[in-house]
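The values are calculated or read from the model by the stated rules, or taken from the named source; none is laboratory data. Just so we're clear, the structure is a prediction, and the values are computed from it rather than from any experiment. Note that we place each Cβ from the backbone using ideal geometry, even for glycine, and neighbour counts take in every protein chain shown. Remember, those area values only see protein heavy atoms, side chains included, never the ligands or the DNA or RNA. Shrake-Rupley method; radii C 1.70, N 1.55, O 1.52, S 1.80 Å.
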Amino acid sequence: MLKEKIFESYKESADFILNKIKIKPDIAIILGTGLEKLLDEIEDKIEINYKDVPNFLISTVSDNGGKFIFGKLSGKYVICMTKRFHYYEGYDFNELAMPVYVLKLLGVSKLILTNAAGAVNYNFYPGDICLIIDHINFAGASPTRGNNLNEFGERFYPIDKLYDKEFRDLAKKSAIKLGFELKEGVYFFTVGPFFESPSEIRAIRTFGGDLVGMSTITETLTAAHCNMKVLAMSVATNYSSDRIENMDGSEVEDVAREVSPKLKNLIIEIVKELDD
Ligand code: HPA
């Protein structure tokens, strides 16, 4: 597609949403598998199904295709995405950039992301909430490949400060206030949908990966391109495949659901303390 057409299609999606919510949110939250408890806390909700938004993707990991939930959290306007889109669903990296660009056009400047991930670091355990301090993308793909959309950012852009230090410090302070500490680690992206082989995990550990997962980096890389502040957190839901006898992934959703209330309280606290 021509780049003017691409921008126009994002604009059309954003205008449709803005027409429903009327107010521009500064904060967006993209929630990972099983981590939806936060949605109970949103006040004065307006819900918009992805399938009703022109040009938007439909999540294949959700019965209803996923939805936006707009409303107030800790007294601030937020827009949440209840389901995200993954490479393993068949979307390519460019398509996975779209939701974040649409959020940008809604006025979002701060993006909070959560995901479920495998615990590669020997000091990480199922149930831990971990701050992502950096990532490794060896997938050989980029969400911002192709014609640069100058409306959003420069052709070449740095990602050395992608996971904003101030935002991370706020998250750490908020966790301590709630009585726990966050682990901190590097997220290694894998394409999935298969979990990793034990040899791959050993390689990932050697490369410096602490957590392994199949999402998030397409969103954070796009957010970096359009100059959003990013906070990303993983819930370690399972030991990586070289740390257990039988790796079947069945615990991922159960552990995420168990940790979800704790993560909910953390995000409420973080949003409360965010500068306007
Ligand atoms: N590997 C990849 N993705 C994941 C995992 C894992 O072990 N757990 C949750 N998402």
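Observations
- Placing pseudo-labels 7 Å out from each Cα toward the beta carbon at residue 199 and residue 251 gives an inter-label distance of 2.6 nm.
- Simple Cβ-charge dipole of the chain, Lys/Arg +1 and Asp/Glu -1, about Cα centre, in debye nearest 20: 600 debye
- Chymotrypsin sites (Phe, Trp or Tyr not before Pro) restricted to region 148-205 and DSSP loop, no more than 16 other C-beta within 10 Å: 156, 180, 194
- 10 Å Cβ shell holding at most 15 others, DSSP loop, trypsin sites (Lys or Arg not before Pro): longest site-free stretch of the chain: 23-144
- Across the accessible surface of the chain, with the other protein chains kept in place and a 1.4 Å probe, carbon and sulfur atoms take up 49 percent.
- With a threshold of 25 Å on the Cα-Cα distance, the over-threshold entries among 37/110; 104/272; 104/177 are 104/177.
- Accessible-area value, residue 98, 1.4 Å probe, nucleic acids and ligands omitted, Å²: 10 Å²
- The loop-placed GluC sites (Glu not before Pro) in region 138-168, going by DSSP, that have at most 12 neighbouring Cβ atoms within 10 Å of their Cβ come out as 154.
- Using the 1.4 Å probe convention, the accessible area of region 141-253 works out to 49 Å² per residue with neighbouring protein chains retained.
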